[in-house]
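Notes to accompany the following structure.
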Amino acid sequence: MALQLVVGNKNYSSWSLRAALAVDLSGAACDEVLVRLFQPDSRARLLRYSPTGKVPVLVTEQGPIWDSLAIVEYLAETYPDAQLWPRDGYARAVARSVCAEMHSGFIALRSHLPMDLARDQALAEIPADAAADIARICALWSDCRGRFGSGGEFLFGQLSIADAFYAPVAARLRSYRVELPEVAAAYVESLYRWPAFERWYQAALQENRG
């Protein structure tokens, strides 16, 4: 049985995007199941796959995995040759740290700049708490690329789970036309050239038009 990844609306579901990018990195054979959110039957449909009724959820032969961090760890363990985490032990720990920071933090950014891939308009004013989140994210990106990027385009040199976790953040910054330092702006451009992200982005635009 092939894996199934259950995702929500591609235009809005940032956590679904993270999991989908990690699946792509793993090279796993995986069928996508899209459940449109914000519909009267959305939760009932999602409960067929996940005990939380939320996305994303990875359906395996053994059962569902319903948290994005758990999903990416499962993929990293099941497909070790894909090297979803950095090889170096310290770099790997830092990569896990920045993913955990994204998983539990940046609440103001999420609240004031929700993911909307079809959007192309700045806010009249970015609230101070969201601006603080953006400053932290830009510093994090610069630090990771400087210490671990080996001159490459991504946070730890080659594409990794960390890039999958921050791709929706990059999308927010692009969608809301946030002015960024040079290193952060270059990283956003790199993520938009990632073929897996580009496919998701184009699908999101079509979905929004529909």
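The values are calculated or read from the model by the stated rules, or taken from the named source; none is laboratory data. These numbers come from a predicted model, not from an experiment. Here Cβ is always computed from backbone atoms with ideal geometry, including for glycine, and neighbour counts include all displayed protein chains.
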Are there any pairs, at least 6 apart or on different chains, whose C-beta atoms fall under 6 Å, with the first in the stretch 114-143 and free of Cβ contacts under 8 Å to residues at least 60 places away in the same chain and the second of a type in the set (D, E, K, R) and surrounded by fewer than 17 Cβ atoms within 10 Å (Cβ to Cβ), and if so, which? ALA122/ARG177
Picking from ALA122, ALA186, ALA139, ALA130, the residue that is loosely packed, with under 13 Cβ neighbours inside 10 Å and more than 24 Å from PRO80 (Cα to Cα) would be ALA122
Scanning for something within 26 Å of LEU140 (Cα to Cα) and in contact with a strand residue (DSSP E or B) (Cβ under 9 Å, 6 or more places away or on another chain), does the stretch 77-86 turn up at least one residue? yes
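What number of residues within the stretch 97-119 are part of a helix (DSSP H, G or I) and either surrounded by 14 or more Cβ atoms within 10 Å (Cβ to Cβ) or outside the structural domain of ARG172 (by TED's automatic domain parsing) (or both)?
9
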Out of (1) at positive phi; (2) modelled with pLDDT under 95, the odd one out for GLY149 is which? (1)
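In the stretch 142-161, what residues are more than 18 Å from PRO181 (Cα to Cα) and surrounded by 15 or more Cβ atoms within 10 Å (Cβ to Cβ)? Steps first, answer last, please.
So the first thing to find is which residues in the stretch 142-161 are more than 18 Å from PRO181 (Cα to Cα), and the list is 148, 150, 156-161.
Listed by number, the residues that qualify are PHE148, PHE156, GLY157, GLN158, LEU159, SER160, ILE161.
Looking only at the stretch 174-204, how many residues end up being basic (Lys, Arg) and in a helix (DSSP H, G or I)? Please lay out each step first, then the result.
Applying the first criterion (basic (Lys, Arg)) to the stretch 174-204 yields 174, 177, 193, 199.
With the extra rule that they be in a helix (DSSP H, G or I), the set shrinks to 174, 199.
Residues in the stretch 174-204 being basic (Lys, Arg) and in a helix (DSSP H, G or I): 2 in total.
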Under 9 Å by Cβ, and 6 or more places apart or on different chains, what pairs join a residue from the stretch 97-111 that is over 18 Å from TYR176 (Cβ atoms) with one that is among the charged types (D, E, K, R) and assigned to a loop (DSSP other than H, G, I, E, B)? HIS103/ASP67
Run THR60 past the list (1) under 20 Å from ALA203 (Cα atoms); (2) in contact with a strand residue (DSSP E or B) (Cβ under 7 Å, 6 or more places away or on another chain) and report the number of the one that doesn't hold. (1)
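Kindly state which helices (runs of 4 or more DSSP H) lie completely within the stretch 1-96 and contain at least 2 residues that are exposed (fewer than 15 other Cβ atoms within 10 Å of the Cβ).
On the way: elements: 14-26, 42-46, 68-78.
It comes to 42-46, 68-78.
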Could you tell me which of the residues TRP200, TRP141 is farther than 21 Å from SER26 by Cβ and in contact with a helix residue (DSSP H, G or I) (Cβ under 7 Å, 6 or more places away or on another chain)? TRP141
Log entry, pairs with first residue in the stretch 39-52 being in the same structural domain as ILE65 (by TED's automatic domain parsing), second being small (Gly, Ala, Ser), beta carbons closer than 6 Å, six or more apart or on different chains, reads ARG43/GLY53; LEU46/GLY53; LEU47/GLY53
